Structures are given as structure tokens and as C-alpha cells.
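Just below is one structure, and these are the notes that go with it.
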Amino acid sequence: MNPTVPYEFWFLTGSQHLYGEAALKQVAADSQKITDALNASTTLPYRLVNKPVLTLSTEIRSMMEQAVSAGQCAGVICWMHTFSPAKMWIAGLSVLNKPLLQLNTQFNETIPYDTMDMDFMNLNQSAHGDREFGFITARMDLPRKVIVGHWSHLSTQRRIADWMRSASAFADSTNLVIARFGDNMRDVAVTDGDKVEAMVKLGWSVPYYGIGDLVAYIKQVPESAVDVLMEEYRHTYRFVHSVSKEVFMRQVRGQARIEIALKAFLADNGAHAFCTNFQDLHGMDQLPGLAAQRLMAEGYGFAGEGDWKTAAMVRALKVMGSTLDGGTSFMEDYTYNLAENDMYDLGAHMLELCPSIAATQPTLEVHPLGIGDREDPARLVFDGRPGPAICTALVDFGNRFRIVLNEVETVASPHPFAKLPVARVLWKPLPDLTTAAEAWILAGGGHHTAYSDCLKADHIRDFAEMAGIEFVSIGKGTTIPAFRNELRWNAGYWDNRRR
């Protein structure tokens, strides 16, 4: 499954009839040139569709209604070429429920000092036309992104591309089904949550399925399909026979059956994310390890221990990061290295990290698990790729959702993990481990995260803005006193919005 959906974004240009038909024809031509140039740049991950110039309230309302009903439209970009009186936009903006980007640009890059006259001034009024538009979006308190810069600049195009990625993940979320095999791990608080509110705010559906539903699919998998998948395993991974070859092949074939069955089950139920629980394995020989890892690599969201919120976030980050260098994975903070001036956080899980974040070719191994009371599961073992990354968690505070994010620097391990046969990632949290961990705990961030080494904090910040949920970020400039104040101010803001 490719997580990339062929979304498109509509480019809406505002003007008015005050300037005459010749000016409006020029506005339309300039808008088309900008759209064509942005599409030709290859910087944008999705196609930009230029729409007719909007000059009347009825036109704007109709265009926004069309955008809302068009399934392939993931958001709109608005630009005021001339001065477009903002009262005309109220009716249209009031029905828009898709991500909105205001692009404060202009057709010309520089001021033509020697030739500039009043005709040029009348035609090129983005500097104050966009401020008129900005006022009405602020007055209406609309969630939106504002980007200022010339459309031809790579820096501007990259910011538009980042916003498009967030918007595509939001569009995907509005129809996301997260298959939940079993409930969340018993007595664990942070992995639980309000599924009704998740559907209201994010569009997530979280249906429950008994593990027997999956077992029925597993029993129907033909041996020939397992044989084909085993050949793919042989060409993709390095086999490490830590147990007898007979046991190794039996357990790996068992994971192949689970992978085939899971993929079919998710397709039949329209699910693009799923979660499992090692406390609920009735009828299964082993916990999905390799199967969950490979489905994540294909673009599915996943989390263990019944954590449906993190599974959904992994899917969202998979969609955002599609076609980018790097990957996204389910992650869990496991243990610290607290040596003074040499502090690290080790992320891992029992079995299920996505190989899209691997530094080198993963090995395929079979080892005891120690929990779950089932046979030894097959899993991919690897170290995480060094470089900048983010860890992000969605938590439920009863009256609101909060996304907590930490910027981290993943490093190569200074020593081998000789007796730890699971995938693992070692990182330095920013600004440092003590500050980052204290801030994370103060914010109520969970122990499960969606980890990505291809995305930035701005991607997640934009996603939170689109979804209308709280976002707090921990990074280079974070201090505990300022972070505490931010949490207090946020509490007041979000409590007020609920009234």
C-alpha cells in the first residue's frame, strides 16, 4: 500500500471589478503562470489547480462549497493579487472545513523603480490585499497557515510543500479506520482515550475486532502464498539462525501467514492502521512482529498494547513523509543513559519498529519474547539511522487532545547491543535529556510515540492547527519555566474554547 493519495490543492486568487476587465485578465494570466511554475518546480508533493479569479461573494461561496465536496481537494491556497474586499469572503470562508493557506506573495519579485506607475500600483496590491484577507480570517478565528515570500523562491516553495504534506495527512485522517485487535493493555492510562471525541475532532474510527476474527483469516492463507512471501524475505533481509533452522523457518513462515492475513483483513475492513495487544493472543502462535514491521513499512499505522491513538499518528506521519528520504515508526522510550555530560534515550519496543528508519539492512531473527505466553516470534533487528528526528505523542486530557513533540538527534550507538535482539534507536533529546524529559512529563506525553527522521516540528504543528487540537513542542530553545507557563496559558485558552 502506497500511503500517497493523489490529492490536489486549489489555488484561489482574489480581486474585484473595480480595476476593469483588462486588469482581471492580467490577474488570471499571472495566477496561471504562478500555478504552472509551482507545478513545474517538482518541489510540491501534490498538484496545484488554478481556479478562475474570484471577484464576487457568490463566486467565492460557490467555489468553497465545491472545494468542500471535492474528495480529491485536500486544501485551498488563497492569494489576493489586487485588493479584494474581505466582506466578500465571509460567506465562503464560513463553509470551508478544509485546510487553508494564505500565500502572501506578488507576481513581481522586485519593485520596478524606473517604470512603476499607477496602473502597476492598481494591479499589484498583494501587500495590502492580503492584509485585508488576513483581517477577516483573524476576525473569524479560522485555523490557517500564512506564508510570506516570493512564489519563485525555493524557500517559499518548500514551506508550501510542508503545509501540503500536513494537509494530506489531515485529509487522510478524516476517513481513517484503525482496526483494534483487543483492548488497550490492562490498567494503562495513557493508551486509553475517548474514541467518540477522536471521531469528532479527527475523523478517526476505531472499531474493535476480536483476535479470533484475525485468526480465521490466518487459517485461510494458502501455503503457496507463504512460499512467495518467504522468497521476498530472503531477498530483502539477512537471515540469522539464532535457533535451529527448522524452528527459524517455522516461526518466520508463521509471521508470513500473519502478514498476509492482516493485510487482507485490513483491506476488507477499509483500515489503514491497526493495534495489537500481547495480552490478547487467543488462537495465535506468536505475537505479530515481522508482520507488523513490514505493514508499517508499506504505510500502515501501527502501535502495540492497544494504543490506537499512536497507531493513527504513525499513519498520519507516514502520509506526511511519503516520498521523502527517511521513515516513520512506532516507538517507545525504554531506558536512559544518565552518565553526566553523556545522556541518551534508548527507544525500542518488544518487536515492532519499522525498517524504514533502519541504518543498514535489517537482520531477520527468532528469539524468546518473555511476555505474551506464546512461541518465540520472528522480528527484524536493526539500529536506527543517525540524524535529526522527532518523537510525537497524542494524549487525551478529557476536555481536549494534546500533541507533544520532542526534537531529537539520533546517534550511532557507541557500543553494540550484543544481547538485545530487537530493533532500537539511540538519541539525544533536545535541548538535553533532563530538560526534554522533564518537559515531556510535565506535558503528560505518553511512553509511546510516532518517530520520524523525515519530518520536522512544523509538519506536526500545521497538522494540529488543521485539526483544532493543542500542540506543544520541546526543542533547542526549551526551558522549564517558559514551558510551564506555556502549558498554563494553553490550559486557559483551550478551556475557554470548550465553553
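The values are calculated or read from the model by the stated rules, or taken from the named source; none is laboratory data. Since we're looking at a predicted model, the values are computed, not measured. Cβ coordinates were reconstructed from backbone atoms using ideal geometry, including for glycine residues, and neighbour counts include every protein chain displayed.
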When every residue in region 349-365 that is of a type in the set (A, V, I, L, M, F, W, C) and at pLDDT 95 or above is compared, the one farthest from Glu409 (Cα to Cα) is Leu364
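What residue, of Val148, Val177, is surrounded by fewer than 22 Cβ atoms within 10 Å (Cβ to Cβ), of a type in the set (A, V, I, L, M) and in contact with a His (Cβ under 7 Å, 6 or more places away or on another chain)?
Working: Val148 fails: in contact with a His (Cβ under 7 Å, 6 or more places away or on another chain).
Every option except Val177 fails the conditions.
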Within region 453-475, residues being in contact with an Asp or Glu (Cβ under 9 Å, 6 or more places away or on another chain), more than 22 Å from Gly326 (Cα to Cα) and either surrounded by fewer than 21 Cβ atoms within 10 Å (Cβ to Cβ) or aromatic (Phe, Trp, Tyr) (or both) number 1
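In this structure, is Phe471 touching a helix residue (DSSP H, G or I) at 6+ places or on another chain (Cβ under 8 Å), more than 24 Å from Gln293 (Cα to Cα) and not in a strand (DSSP E or B)?
So Phe471 fails the test.
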| Hey, does region 46-61 have a residue that's among the polar types (S, T, N, Q), surrounded by 18 or more Cβ atoms within 10 Å (Cβ to Cβ) and under 21 Å from Asp162 (Cα atoms)? | yes
Flagged in region 26-65 as part of a loop (DSSP other than H, G, I, E, B), free of Cβ contacts under 8 Å to residues at least 60 places away in the same chain and either under 26 Å from the mean Cα position of the chain (by Cα) or not assigned by TED's automatic domain parsing to the domain that holds Thr156 (or both), in numbering order, are Thr42
For strands (runs of 3 or more DSSP E) lying entirely in region 69-178, having 2 or more residues that are of a type in the set (Phe, Trp, Tyr), assigned by TED's automatic domain parsing to the domain that holds Trp494 and in contact (Cβ under 8 Å) with a residue 60 or more places away in the chain picks out none
Every listed condition ((1) in a helix (DSSP H, G or I); (2) in contact with a helix residue (DSSP H, G or I) (Cβ under 6 Å, 6 or more places away or on another chain)) holds for Ala482 save (2)
Selection from region 390-431 of residues in contact with a strand residue (DSSP E or B) (Cβ under 7 Å, 6 or more places away or on another chain), over 17 Å from Ile357 (Cβ atoms) and among the charged types (D, E, K, R) yields Arg400, Arg402
The helices (runs of 4 or more DSSP H) lying wholly within region 191-301 that contain at least 1 residues that are in the same structural domain as Gly384 (by TED's automatic domain parsing), more than 30 Å from Ile403 (Cα to Cα) and not basic (Lys, Arg) are 211-219, 223-236, 245-268
Over region 80-102, the set of residues in contact with an Asp or Glu (Cβ under 8 Å, 6 or more places away or on another chain) and among the aliphatic types (A, V, I, L, M) is Met80, Ala86, Val95
Does Ala23 satisfy the criteria of being out of contact with any His (no Cβ under 7 Å at 6 or more places or on another chain), in the same structural domain as Asn124 (by TED's automatic domain parsing) and without any contact (Cβ under 8 Å) to a residue 24 or more places away in the chain?
no
Exactly one of Gln251, Gln255, Gln279 is in contact with a Lys or Arg (Cβ under 7 Å, 6 or more places away or on another chain) and among the polar types (S, T, N, Q), and that residue is Gln279
The condition from (1) within 30 Å of Gln72 (Cβ to Cβ); (2) within 31 Å of the chain's Cα centre (by Cα) that Ser126 misses is numbered (2)
Is there a residue being of a type outside the set (A, V, I, L, M) and farther than 30 Å from Asn39 by Cβ anywhere in region 153-162?
-> no
The residue that is surrounded by the fewest Cβ atoms within 10 Å (Cβ to Cβ), considering only those in region 243-262 that are out of contact with any His (no Cβ under 6 Å at 6 or more places or on another chain) and in contact (Cβ under 8 Å) with a residue 60 or more places away in the chain, is Val247
